[in-house]
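One structure is given below, encoded as structure tokens.
The values are calculated or read from the model by the stated rules, or taken from the named source; none is laboratory data. Keep in mind the model is a prediction, meaning the values are calculated, not measured. With ideal geometry, Cβ positions are generated from the backbone for all residues, glycine too; neighbour counts draw on all protein chains shown. Note: accessible area is taken over every heavy atom of the protein model, side chains too, but ligands, DNA and RNA are not part of it. Shrake-Rupley method; radii C 1.70, N 1.55, O 1.52, S 1.80 Å.
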Amino acid sequence: AYRVASSPADAFRRCVWSAMLTVAVGKGHAQKITDAWEASSDPAFQTPATEAMDQYNNRLGRLIGEYLVKKRRVADWTSNAIPDQCYSAAVHGYLSYFEGPCGSCGVDLIPPTQANGGKDRRRKRSEA
């Protein structure tokens, strides 16, 4: 069975959740909620590496939510723009996760720049 925790699916889920929270209650409150969630995690499953990964993906979600609100691309937290933006972040290598059949069970963390086959698919500012 594929464990969802610390996987690409978990990274995507955290991004969407944090973006939705940001749109619904604002960036500051969203950060308090996601930080409280991470603080309440069972230490048997939440290592410092997984917490850092989760916090990174939560932060990226908050940035996406904030961006969508500023650009007036969302009416509320149910907008399809939120998962679309998080999917785009995943495809372009911005999300961070552990690779392997069971998430964080002794395999290496895939940093955002090496996700998706080890290629950095992010465009540099000069290419934009």
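Points worth noting:
- Selection within the range 53-79 - exposed (fewer than 10 other Cβ atoms within 10 Å of the Cβ) and β-branched (Val, Ile, Thr): none
- Any hit, the range 100-108, residues being modelled with pLDDT of 85 or more and open to solvent by less than 30 Å² (accessible area, probe 1.4 Å): no
- Residue that is farthest from Asn80 (Cα to Cα) [pool: residues in the range 1-10 that are in a helix (DSSP H, G or I) and open to solvent by 40 Å² or more (accessible area, probe 1.4 Å)]: Pro8
- Yes/no for Arg13 being of a type in the set (D, E, K, R), in contact (Cβ under 8 Å) with a residue 24 or more places away in the chain and surrounded by fewer than 22 Cβ atoms within 10 Å (Cβ to Cβ): no
- Test for Tyr67: is it under 16 Å from Ser6 (Cα atoms) and either touching a Lys or Arg at 6+ places or on another chain (Cβ under 9 Å) or modelled with pLDDT of 80 or more (or both): no
- Unmet criterion (only one of (1) under 13 Å from Ala19 (Cβ atoms); (2) modelled with pLDDT of 85 or more) for Ser79: (2)
- When the range 16-52 is limited to residues that are of a type in the set (Asp, Glu) and assigned to a helix (DSSP H, G or I), the one that is surrounded by the fewest Cβ atoms within 10 Å (Cβ to Cβ) turns out to be Asp35.
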